[in-house]
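Structure first, commentary second.
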Amino acid sequence: MYYSTCKENEIMYVDLHKLSVVMAKDVLTKSVLLAPSDVKEIVVIHGYHRGTELQQMVRNEFKCKKVARKYLSLNQGITVLIMAQ
């Protein structure tokens, strides 16, 4: 698991590989709530080859008032969270 922020593109990456759904939801919630104000998008890398539990949690169950909408990438292992401004 890692976090990185690319300030020039105002994008933050959160990798949830190998986490349980409960841990992944906690990490994602904290990441969104603690994201710097200049972050416009959070790219969530959840994977899907070993099952879709994390993908389903991010795409269907995860809710946060700081997220305006979700963008479903053509890459099935990634979901982009567009931050509310």
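The values are calculated or read from the model by the stated rules, or taken from the named source; none is laboratory data. Since we're looking at a predicted model, the values are computed, not measured. Cβ coordinates were reconstructed from backbone atoms using ideal geometry, including for glycine residues, and neighbour counts include every protein chain displayed. Keep in mind that these areas ignore ligands, DNA and RNA; they rest on the heavy atoms of the full protein, side chains included. Shrake-Rupley method; radii C 1.70, N 1.55, O 1.52, S 1.80 Å.
Here Gln55 fulfils each of the conditions (1) in a helix (DSSP H, G or I); (2) surrounded by fewer than 17 Cβ atoms within 10 Å (Cβ to Cβ) apart from (2). Of all the residues in the stretch 29-50, those that are closer than 21 Å to Leu74 by Cα and in contact (Cβ under 8 Å) with a residue 24 or more places away in the chain number 10.
Val39 meets all of the listed conditions (1) part of a loop (DSSP other than H, G, I, E, B); (2) open to solvent by 20 Å² or more (accessible area, probe 1.4 Å) but one, namely (2). Taken as a whole, the condition of being among the charged types (D, E, K, R) and at pLDDT below 90 applies to Lys7. For the stretch 70-81, the criterion of being at pLDDT 95 or above, of a type outside the set (A, V, I, L, M) and assigned to a helix (DSSP H, G or I) is met by none of the residues. Exactly one residue out of Tyr13, Tyr48 is assigned to a strand (DSSP E or B) and among the hydroxyl-bearing types (Ser, Thr, Tyr): that is Tyr13. Among residues of the stretch 51-79 that are farther than 15 Å from Val32 by Cβ, those with a beta-carbon under 7 Å from a residue that is among the polar types (S, T, N, Q) and assigned to a strand (DSSP E or B) at least six positions away or on a different chain give the pairs Leu72/Thr79; Ser73/Thr79.
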